[in-house]
1. Conditions first: (1) open to solvent by less than 60 Å² (accessible area, probe 1.4 Å); (2) assigned to a helix (DSSP H, G or I); (3) touching a residue at least 40 places away in the same chain (Cβ under 8 Å). Thr12 passes all but one, so which condition is the exception?
2. Mind listing whichever residues of region 55-81 are among the charged types (D, E, K, R) and either in a loop (DSSP other than H, G, I, E, B) or open to solvent by 50 Å² or more (accessible area, probe 1.4 Å) (or both)?
3. Can you name the residue in region 27-54 that is part of a helix (DSSP H, G or I) and at pLDDT below 95 and, of all such residues, is nearest to Leu5 (Cα to Cα)?
4. Taking into account only those residues within region 28-46 that are farther than 16 Å from Ala17 by Cβ and in contact (Cβ under 8 Å) with a residue 24 or more places away in the chain, which is surrounded by the most Cβ atoms within 10 Å (Cβ to Cβ)?
5. Scan region 18-25 and give yes if some residue there is in a strand (DSSP E or B) and either within 15 Å of Leu75 (Cβ to Cβ) or acidic (Asp, Glu) (or both), otherwise no.
Amino acid sequence: MKIFLIGATGLTGAELAQMVRKTYPPEWIFPVRARSFSPPENFDAHSLALLCTEEEVSKRWVELLSPAGGYIIDLSSAFRL
């Protein structure tokens, strides 16, 4: 499994990164700058992306990552009902 922490340098992302590092091996964790908008080449159907970003940034990341078929969890309000 690969876990991508998008927005890992922000306050929420840093806290989430600490929690994830306590549970999963470091070789599974990939921090990504939120505004890089460059989808990781190794993001695939067996990957998890945790979006710790603002609403508009999250929307853009979902567009970029969705075609790969991995799981995406967004912590912003972008996709709330």
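1. The number of the failed condition is (1).
2. Passing the criteria: Glu55, Glu56, Lys59, Arg60, Glu63, Arg80.
3. Step by step, filter region 27-54, then rank; the result is Ala34.
4. Looking at the filtered set, the residue picked out is Phe43.
5. Looking through region 18-25, none of the residues is in a strand (DSSP E or B) and either within 15 Å of Leu75 (Cβ to Cβ) or acidic (Asp, Glu) (or both).
The values are calculated or read from the model by the stated rules, or taken from the named source; none is laboratory data. Computed from a predicted model, the values in this text were never measured in an experiment. With ideal geometry, Cβ positions are generated from the backbone for all residues, glycine too; neighbour counts draw on all protein chains shown. Only protein heavy atoms, including side chains, enter the accessible area calculation; ligands, DNA and RNA are left aside. Shrake-Rupley method; radii C 1.70, N 1.55, O 1.52, S 1.80 Å.
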